[in-house]
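Here's the structure, in structure tokens; my notes come after.
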Amino acid sequence: MSQEQFVKDLQQALGAEVVLVGDAVEARYHTDWSGTPPVAPWALVRPRSTEEVSTALRLCHAHRVPVVPQGGLTGLAGGAVPVEGGVAISLERMHAIEDINARSAVMQVQAGATLQAVQEAAVEAGLVFGVDLGARGSCQIGGNVATNAGGNGVLQHGMMREQVLGLEVVLADGTVLPMLRPMIKNNTGYDLKQFFIGAEGTLGVITRVLLRLRPMPQAKATALVAMPSFDQALAKTKTWRRSTTPKNPPRCSSPCPSSWHKAASPCMPAPKLAPPVKSSPRWPKKASLT
Ligand SMILES: Cc1cc2nc3c(=O)[nH]c(=O)nc-3n(C[C@H](O)[C@H](O)[C@H](O)COP(=O)(O)OP(=O)(O)OC[C@H]3O[C@@H](n4cnc5c(N)ncnc54)[C@H](O)[C@@H]3O)c2cc1C
């Protein structure tokens with residue numbers, strides 16, 4: 001199929017407003033911060049929903065047209081630069097902060113939300129988001145996930161992988177994978193989302209992200225400390241880490257009736273609740289909470 005016919009089909013399926021071609025594709029979509037030589041794509045798709053991403057990918061797949069996902073184009077490795085004879089998909093119009101649950105410290109966003117928008121929404125809810133980097137005003141959460149970004153909070157909170165509870169991803173053939181479970185403890189089979197974190201868009205287009213938020217620190221202090229040797233610096237870091245870890249961190253309750261009440265007590269006052277398991281072959285005695 002010719003380039004003209006393919007682009008016509010794409011515009012027919014998604015609308016000329018979503019699929020830009022020729023001079024309508026601004027030069028900034030031709031390359032990223034890496035300085036890689038620019039490439040003009042056959043078309044730039046700017047979807048507004050997961051369904052539109054799916055339609056675009058399905059058509060590209062059917063006609064074997066390569067696709068490059070684009071976030072905020074701040075990547076330094078050239079991964080978002082279009083390929084010759086390919087289509088670029090920019091997530092910039094899918095930028096909604098869809099939901100924040102301050103109690104469970106979870107936020108759901110569309111992949112095109114900027115890192116800064118996520119950080120600000122977290123602070124408004126009395127929480128913080130663990131990743132921060134210089135490109136925060138332009139880079140997008142989808143791009144941060146696709147590059148497994150580190151940034152300047154990495155020692156405290158870990159890389160992007162540590163902040164992701166769930167993803168919605170569209171595969172190359174248009175199939176939507178909904179992996180948006182907000183549970184930290186979730187071992188129901190393969191943890192497929194891990195494949196897409198750090199994959200630079202090679203395995204699918206990320207359309208939604210479920211993020212883990214952190215408690216707002218009660219105080220912050222910055223010190224510049226000069227140490228006589230690397231070994232002493234390492235030893236000091238160990239001491240500081242130990243001194244900022246609570247002695248008795250709250251523990252989760254166990255499903256074993258005999259230990260449930262005891263384990264729950266550091267977290268909450270004695271609850272007037274029935275134990276989650278009354279009896280079982282392993283714990284034959286009827287449990288009592290009083
Ligand atoms: C000033 C500055 C400071 C920086 N500091 C850091 C830093 O401290 N730590 C760090 O790790 N990086 C840093 N970077 C690099 C860059 O900001 C990060 O890699 C960022 O995560 C890229 O996000 P982006 O939205 O701009 O992605 P893009 O550059 O648009 O894309 C990057 C890659 O992700 C893919 N991609 C983008 N969106 C999606 C999506 N929705 N689904 C699937 N794939 C997608 C692209 O195809 C490409 O392969 C910095 C860059 C700048 C300019």
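List of remarks:
- Cβ crowding within 10 Å ranks L165, L133 as L133, L165, fewest other Cβ atoms first.
- Our Cα-only numbers for region 52-146 put the radius of gyration and Dmax at 15.2, 48 Å.
- Within region 3-90, percent of DSSP bridges classed antiparallel, to nearest 5: 20
- Calculated FRET value between S2 and R161, using beta carbons and R₀ = 30 Å, to 0.05: 0.10
- A P(r) calculated from all alpha carbon pairs of region 3-90, with 5 Å bins opening at zero, reads 3, 16, 29, 26, 17, 8, 2 percent.
- Exposure proxy ranking for M107, M159, M216, M94, based on other Cβ atoms within 10 angstrom of each Cβ and starting from the fewest, stands as M216, M159, M94, M107.
- Exposure proxy ranking, count of Cβ atoms within 10 Å, fewest first, for D32, D9, D191: D191, D9, D32
- Kirkwood-based shape ratio for region 102-184, expressed as Rg/Rh from alpha carbons: 0.96
- Protection proxy ranking, highest mean first, for peptides 60-68, 144-152, 182-190: 144-152, 60-68, 182-190, where packing is the per-residue count of other beta-carbon atoms within 10 Å, averaged.
- Overall Cα dimensions of region 1-51 - principal axes, largest extent first, Å: 34, 27, 17
- With Cα atoms defining each centre, region 124-194 and region 65-110 are spaced 11 Å apart in the structure.
- For region 77-130, the spread of Cα positions along each principal axis, largest first, Å: 47, 21, 15
Read-outs: derived from the displayed coordinates by stated rules, not from any lab. Predicted model, so just to flag it, every value in this text is computed and none were measured. Every residue, glycine as well, gets a Cβ built from its backbone with ideal geometry; the counts of neighbours run over all protein chains shown.
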